[in-house]
Amino acid sequence: GENVEQHPSTLSVQEGDSAVIKCTYSDSASNYFPWYKQELGKRPQLIIDIRSNVGEKKDQRIAVTLNKTAKHFSLHITETQPEDSAVYFCASISNGGADGLTFGKGTHLIIQP
Amino acid sequence: AAGVIQSPRHLIKEKRETATLKCYPIPRHDTVYWYQQGPGQDPQFLISFYEKMQSDKGSIPDRFSAQQFSDYHSELNMSSLELGDSALYFCASSSRDRGEKLFFGSGTQLSVL
């Protein structure tokens, strides 16, 4: 089955700086890669996603890049703000979506004021 | 916009009791997923349904079962509860025919004492 590795597990950055979280996946058939933000005790919220036929996607301060050859994708957050503090999960989907998402282990992003 | 509805939000049970969690997907979504998330862990896929038929199974114990009804709502039935079953249980839904974006409910916090 699919295996998703995520790094780092914890990331602390100064407010206003950029944050980058990286993930790799194992299943070359995976074709959809979302990122979720989860605050303590709350639901994972979809913040951005990318499909395998696209190399980069941007939405305001958030961007995702995908290197399908190397099987890795990254989340970039610029001009970080205190409300960006949360756990971020990368995920991938394969098998036509039948078994849903395979998640990375998560990155605890801490924005230092 | 309508979201995924889960009930109850919190549930406290004793060991060896049973529990039933309910999920109402976003209207016109054809796929429902159940995830289990332990403290500090990533969500683990349990089971999914596509058009009311079981689609795939993940790490779901034999003590658990689930079904999707004619109105598309789903129930996760958990029997012979163990302390290790204490977790956040999320339901998510998607429209596979329109892409794989999964949207999560607010979750049910199950505590087994």
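The values are calculated or read from the model by the stated rules, or taken from the named source; none is laboratory data. Remember, predicted model here, so these are calculated numbers, not experimental data. Cβ sites come from the backbone with ideal geometry, for glycine too, and all protein chains shown count toward neighbours. We work out accessible area using only protein heavy atoms, side chains counted, and drop any ligands, DNA or RNA first. Shrake-Rupley method; radii C 1.70, N 1.55, O 1.52, S 1.80 Å.
Collect residues whose amide H, placed 1.01 Å from N in the peptide plane, falls under 5 Å from the amide H of B:Asp56; neighbours closer than 5 in sequence don't count.
B:Ser48
Say the cut-off is 19 Å between C-alpha atoms; which of B:Lys13/B:Lys57; A:Lys22/A:Lys68; A:Lys22/B:Lys57; A:Lys22/A:Lys105; A:Lys71/A:Lys105 go over it?
Working: B:Lys13/B:Lys57 25 Å; A:Lys22/A:Lys68 13 Å; A:Lys22/B:Lys57 28 Å; A:Lys22/A:Lys105 11 Å; A:Lys71/A:Lys105 17 Å.
The answer is B:Lys13/B:Lys57; A:Lys22/B:Lys57.
Check A:Gly104: other-chain or 5+ apart residues with amide H under 5 Å from its amide H, H built from backbone geometry?
A:Cys90, A:Ala91
A plus B alone minus the pair: what accessible area, both sides summed, probe 1.4 Å, in Å² to 100?
Values: alone 6410 and 6300 Å², together 10900 Å².
Result for this pair: about 1800 Å² buried.
Using just the C-alpha positions of segment A:1-99 as equal point scatterers, what log10 of I(q)/I(0) does the Debye formula give at each q in 0.15 1/Å?
-0.59
Determine the dipole magnitude for chain A: charges of +1 sit on the beta-carbon of Lys and Arg, -1 on that of Asp and Glu, nothing else is charged, the reference point is the Cα centre, and the result goes in debye to the nearest 20. Provide the component values of the computation, followed by the final result.
Values: 11 positive and 13 negative charges, 45 e Å.
That gives a dipole near 220 debye.
Please give the per residue accessible area of chain A, computed with a probe of 1.4 Å over protein heavy atoms only, in Å². List each step's numbers first, then the result.
Details: 5490 Å² over 113 residues.
About 49 Å² of surface per residue is accessible.
Note down the Stokes-Einstein diffusion coefficient of chain B in µm²/s, whole number, using a Kirkwood radius over alpha carbon pairs, 10 °C, and 1.306 mPa s. Walk me through the intermediate numbers first.
On the way: Rh = 13.9 Å.
This corresponds to a translational diffusion coefficient of 114 µm²/s.
So, with +1 on the Cβ of K and R and -1 on the Cβ of D and E, and no other charges, what is the size of the charge dipole of segment A:44-95 about its Cα centre, to the nearest 20 debye? Can you show the working numbers first?
Values: 6 positive and 6 negative charges, 68 e Å.
For this selection, approximately 320 debye.
Any idea what the dipole of chain B comes to, in debye rounded to 20, about its Cα centre with Lys/Arg Cβ at +1 and Asp/Glu Cβ at -1? Before the final figure, lay out each step's value.
Numbers: 12 positive and 13 negative charges, 36 e Å.
Charge dipole of chain B: 180 debye, to the nearest 20.
Compute for the protein assembly as shown: radius of gyration divided by Kirkwood radius, i.e. Rg/Rh, restricted to C-alpha atoms, rounded to two decimals. Mind dumping the intermediate values first?
On the way: Rg = 17.5 Å, Rh = 18.0 Å.
On the Cα set of the protein assembly as shown, Rg over Rh gives 0.97.
Once amide H atoms are placed 1.01 Å from N in the peptide plane, what residues at a sequence separation of 5 or more from A:Ser85, or on another chain, have their amide H within under 5 Å of its amide H?
Correct list: A:Ile111.
Apply the Karplus parameterisation 6.51 cos²θ - 1.76 cosθ + 1.60, with θ equal to phi minus 60°, to every residue of segment A:44-52 and state each ³J(HN,Hα) to the nearest whole Hz, in sequence, with x for glycine and proline.
For segment A:44-52, the Karplus curve yields x, 10, 5, 10, 6, 8, 8, 9, 6 Hz.
Which residue, chosen from B:Ile12, B:Cys23, B:Ser55, occupies the Cα position most advanced towards the positive end of the dipole of segment B:1-58, where the dipole is computed from +1 (Lys, Arg) and -1 (Asp, Glu) charges on Cβ about the Cα centre?
Working it through, the farthest residue towards the positive pole turns out to be B:Ile12.
Whole-Hz ³J(HN,Hα) for each residue in segment B:24-35, computed from phi via Karplus 6.51 cos²θ - 1.76 cosθ + 1.60 with θ = phi - 60°, x for glycine and proline: what do you get?
Once θ is set to phi - 60°, the couplings for segment B:24-35 become 10, x, 5, x, 6, 7, 9, 10, 10, 10, 10, 10 Hz.
Over the residues of segment A:1-56, compute the C-alpha Rg and express it relative to 2.2 N^0.38 Å. Mind dumping the intermediate values first?
Details: Rg = 13.4 Å, N = 56, 2.2 N^0.38 = 10.2 Å.
My calculation over the Cα atoms of segment A:1-56 gives 1.32.
What nm distance separates the two modelled labels at A:Gln81 and A:Arg51, each placed 7 Å from Cα along Cα→Cβ?
For A:Gln81 paired with A:Arg51, the spin-label model returns 3.0 nm.
Go through segment B:45-56 residue by residue and turn each phi into a ³J(HN,Hα) via Karplus (6.51, -1.76, 1.60, θ = phi - 60°); whole Hz please, and just put x for glycine and proline.
Using θ = phi - 60°, the values come out as 5, 9, 6, 9, 10, 10, 6, 6, 10, 4, 9, 7 Hz.
Give the distance, in whole Å, between the Cα centre of segment A:17-60 and the Cα centre of segment B:11-59.
Segment A:17-60 and segment B:11-59 have Cα centres spaced 22 Å from each other.
Obtain the nm distance between the two label points defined at B:Asn77 and A:Ser12 by a simple spin-label model: each point lies 7 Å from its Cα along the Cα-to-C-beta direction.
It is 4.9 nm.
Please name the residues of segment B:40-81 whose accessible area, counted over protein heavy atoms with a 1.4 angstrom probe, falls by no less than 40 Å² between the chain alone and the full protein assembly.
Going by heavy-atom accessible area, the residues of segment B:40-81 that drop by at least 40 Å² are B:Asp42, B:Pro43, B:Asp56.
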